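Asks: Submitted below is the structure of interest, expressed as structure tokens.
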Amino acid sequence: MEPGTKSITIIFVFYLTTSLFCSISGYVLYSEVEAENFLNLAAAAYADSSNITARQSCIDISFPTDEFHVLMVMSAPCDKRGNQCQAFIAISDLTNQVIISFRGTNSGGQLLSEFGDGLEDYIPYTEVDGSNNTVHVGHVNVYFLDAMNQMWEDMVEPTTRNRQNYTYLITGHSLGGAMATLTAFRISFRQFSNKIKVHTFGEPRVGDIVFASYFTDMVPYSFRVVHHSDPIPHLPPLNVDNESAPGMPYHHPREIWYNDDFSSYVLCSDVNGEDWSCSDKLRFWNYGSKGAYRHTHYFNHFVSEYGSMGCKFASQTRITFISIFMTIFVLFYV
């Protein structure tokens with residue numbers, strides 16, 4: 001065998017072995033390019049329901065040749081204060097893909113409802129599997145579950161019918177990240193599809209350690225992107241002395257922890273949702289005046305404005321009422 005041929009053979013065997021390992025173990029490699037594409041989808045959920053152009057622009061920037069079309073945009077009250085949750089679904093029958101993207105918190109009142117009214121409200125969560133068995137899958141935050149359920153029956157569940165061979169791209173920022181996690185889990189657990197990719201941005205703690213374990217098994221292709229000292233991923237607060245107790249807030253893996261300007265990141269544990277070498281090691285005084293800024297800005301974009309502008313360039317230094325409210329709220333609770 002010639003030397004050049006031998007080198008090519010070795011490379012081929014390496015990639016084949018890597019591919020087989022990924023398939024067998026469920027291990028997934030993080031791609032920053034893919035994460036930025038998902039951010040465009042998460043940002044698009046902030047576009048007004050009537051802003052067809054902006055939403056489609058964000059999708060097309062990420063997937064220019066996949067011929068996605070928006071199937072539905074839905075808003076629904078998701079708490080007793082009447083705050084609205086919003087999401088959209090887009091379909092590509094060309095590539096057999098479904099986008100499900102949830103909007104994040106969009107007002108101080110909604111933030112208060114999420115964490116003020118239900119900060120400690122983690123309830124037992126039972127889910128129905130693909131064989132119609134009812135299974136206890138841990139505890140989840142009641143606000144996030146209720147919000148997801150508002151979108152499920154009329155929006156998500158009908159979309160999954162006859163689309164088991166489709167790949168689901170599920171995303172969201174802030175509250176939207178929590179809803180994305182619960183939606184992805186239900187789709188997988190009910191065996192509507194096992195081809196699911198999840199990227200969330202600034203996602204709060206959705207469930208406890210039992211739910212995190214179930215989620216990791218059911219949705220292995222999942223990444224939680226955290227912008228340095230973004231405080232929202234640390235809410236509801238972790239019980240440091242008893243983090244693994246049932247019913248206590250606990251993240252699912254895998255965290256991707258970025259520095260302040262998104263020039264570098266740390267791949268956190270793919271087993272433990274609470275990795276003390278990543279953002280968990282920061283204390284509340286590290287959040288400082290930039291905590292709210294870091295929550296509203298990902299990949300150097302002011303997420304809500306970025307989406308409303310069709311994922312074109314958006315200011316990196318916007319300070320909004322919700323940012324000020326968030327800073328005060330976090331300093332009070334953390």
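Any read-out appearing in this document is the output of simple, stated calculations on the displayed coordinates, not a laboratory observation. What you see is a predicted model, and the numbers here were worked out from it, not measured in a lab. As a convention, Cβ positions derive from the backbone with ideal geometry for all residues, glycine included, and neighbour counts pool all protein chains shown.
Asks: Roughly how many Å is it from the Cα centre of region 225-253 to that of region 193-220, as a whole number?
Replies: 14
Asks: I want the local charge near His69. Using Cβ-Cβ distances under 12 Å, sum +1 for each Lys or Arg and -1 for each Asp or Glu among the other residues.
Replies: Computed value for this residue: -3.
Asks: Looking at the square roots a ≥ b ≥ c of the eigenvalues of the Cα gyration tensor of region 146-277, which shape do they give, rounded for a/c under 1.5, prolate if a/b is larger than b/c, or oblate? Present the calculation step by step, with values, prior to reporting the outcome.
Replies: On the way: a/c = 1.84, a/b = 1.51, b/c = 1.22.
Taking the square roots of the gyration eigenvalues as a ≥ b ≥ c, region 146-277 is prolate.
Asks: Please compute the net charge surrounding Ser92, taking Lys and Arg as +1 and Asp and Glu as -1 over other residues with Cβ under 9 Å from its Cβ. Spell out each step's value before the answer.
Replies: Working: positive: none; negative: Asp66, Glu67, Asp93.
Within the 9 Å Cβ shell, the charges total -3.
Asks: Using a Förster distance of 22 angstrom, determine the FRET efficiency expected from the C-beta separation of Ile52 and Asn300, and round it to 0.05.
Replies: Details: r = 26 Å, r/R0 = 1.19.
Calculated transfer efficiency: 0.25.
Asks: Please give the length that would be gained between Val70 and Val271 if that part of the chain were fully extended, namely 0.36 nm times their separation in residues minus their C-alpha to C-alpha distance (nm, one decimal). Spell out each step's value before the answer.
Replies: Details: separation 201, 0.36 × 201 = 72.36 nm, distance 3.51 nm.
Additional length available on full extension: 68.9 nm.
Asks: Follow-up. Return the tail of the calculated pair distribution for region 32-333, meaning the percent of Cα-Cα pairs more than 32 Å apart.
Replies: 17
Asks: What distance in nm separates the simple spin-label points at Asn242 and Glu32, each placed 7 Å from Cα in the Cβ direction?
Replies: 4.2
Asks: What does the charge count around Ile59 come to, taking other residues whose C-beta lies under 13 Å from its C-beta (Lys +1, Arg +1, Asp -1, Glu -1)?
Replies: Overall, the nearby charge balance is -2.
Asks: Can you spot the lysines whose alpha carbon is less than 23 Å from Lys281's alpha carbon? Ignore those fewer than 8 places along the same chain.
Replies: Lys281 reaches Lys290.
Asks: Please rank Asp230, Asp217, fewest neighbouring Cβ atoms within 10 Å first, as an exposure proxy.
Replies: The fewest-first ordering by Cβ neighbours comes to Asp217, Asp230.
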